[in-house]
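Trainee: Submitted below is the structure of interest, expressed as structure tokens.
The values are calculated or read from the model by the stated rules, or taken from the named source; none is laboratory data. If you're wondering where the values come from, they're calculated on a predicted model, not measured in any experiment. No Cβ is skipped: glycine too gets one built from the backbone with ideal geometry, and neighbour counts run over all protein chains shown. Surface accessibility is based on the protein's heavy atoms, side chains included, excluding ligands, DNA and RNA. Shrake-Rupley method; radii C 1.70, N 1.55, O 1.52, S 1.80 Å.
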Amino acid sequence: WYAKAAKQGNANAQAVLGAMYAKGEGVPKDYVRASAWISITAAQGGADGKRGEKLVAMLVKLMTPAQIAEAQKLSRELWEKYVVPFQKE
């Protein structure tokens, strides 16, 4: 359900989904996906955004440069697909 809500632009669900990937809870542990989802949450600001910034900084310490680049690319893709269409003009 979190994945479905995250894909419908829900920032809280995006943050939770990222944390699930970081911990491997209900999904395979995947720091790249965790960082990507949490990064788009952080970029949206608010309370989740502040926590997201800290979590991304922790995840980056666990990732290789190639993984970081992959996470940044995925984050841009997720932003375009699951944030931009739901932004209010």
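Trainee: Working with all protein chains in place, sort THR41, THR64 by solvent-accessible area computed with a 1.4 Å probe, largest first. Write down the numbers at each step before the final one.
Mentor: On the way: THR41 0, THR64 65 Å².
Final ranking, largest accessible area leading: THR64, THR41.
Trainee: State to the nearest 20 debye the size of the charge dipole of the chain about its Cα centre, where the only charges are +1 on K and R beta carbons and -1 on D and E beta carbons. List each step's numbers first, then the result.
Mentor: Details: 13 positive and 8 negative charges, 26 e Å.
Here the size comes out at about 120 debye.
Trainee: Further question: Using a 10 angstrom cutoff on alpha carbons, build the Gaussian network for the chain and name the most mobile of ALA47, ALA15, ALA36.
Mentor: ALA47
Trainee: Follow-up. What does the helix-only formula give at 222 nm for the chain: each DSSP H stretch with n ≥ 4 adding -39500 (n - 2.57), the total divided by the residues, and the result rounded to the nearest 500 deg cm²/dmol? Write out the running numbers ahead of the final one.
Mentor: Details: 5 runs with 64 residues, N = 89.
Dividing the helical sum by the residues of the chain leaves -22500 deg cm²/dmol.
Trainee: Could you run the Karplus curve 6.51 cos²θ - 1.76 cosθ + 1.60 with θ = phi - 60° over segment 65-74 and give me ³J(HN,Hα) per residue in whole Hz, x for Gly and Pro?
Mentor: Values, residue by residue: x, 5, 5, 4, 4, 5, 5, 5, 5, 4 Hz.
Trainee: Counting only heavy atoms of the protein chains, get the accessible area per residue of the chain (1.4 Å probe) and round it to a whole Å² value. It would help to have the intermediate numbers written out before the result.
Mentor: Working: 5650 Å² over 89 residues.
Counting only protein heavy atoms, the per-residue value for the chain is 63 Å².
Trainee: Right, here's the next one. Would you kindly derive the ³J(HN,Hα) couplings of segment 11-27 from the backbone phi angles with the Karplus curve 6.51 cos²θ - 1.76 cosθ + 1.60 (θ = phi - 60°), listing them in order in whole Hz, with x for Gly and Pro?
Mentor: Karplus values, whole Hz, x for Gly and Pro: 4, 5, 5, 5, 5, 5, 4, x, 5, 4, 5, 5, 9, x, 9, x, 9.
Trainee: Follow-up. If you roll a 1.4 angstrom probe over the protein chains with everything in place, what fraction of the accessible area of the chain belongs to carbon and sulfur, to the nearest %?
Mentor: Values: 3120 of 5650 Å².
The value for the chain is 55 percent carbon and sulfur by accessible area.
Trainee: Place a point 7 Å from Cα of GLN8 in the direction of its Cβ. Which residues in segment 14-43 have their backbone N less than 17 Å from it?
Mentor: From segment 14-43, the list is 14-17.
Trainee: Using label points projected 7 Å from each Cα along Cα→Cβ, tell me how many nm separate GLN87 and ALA66, to one decimal.
Mentor: Here the modelled spin labels are 3.3 nm apart.
Trainee: Go through (i) 13.6; (ii) 12.5; (iii) 14.5 and flag the label whose value is the computed Kirkwood radius over Cα pairs in Å for this structure.
Mentor: Matching the structure shown: (ii).
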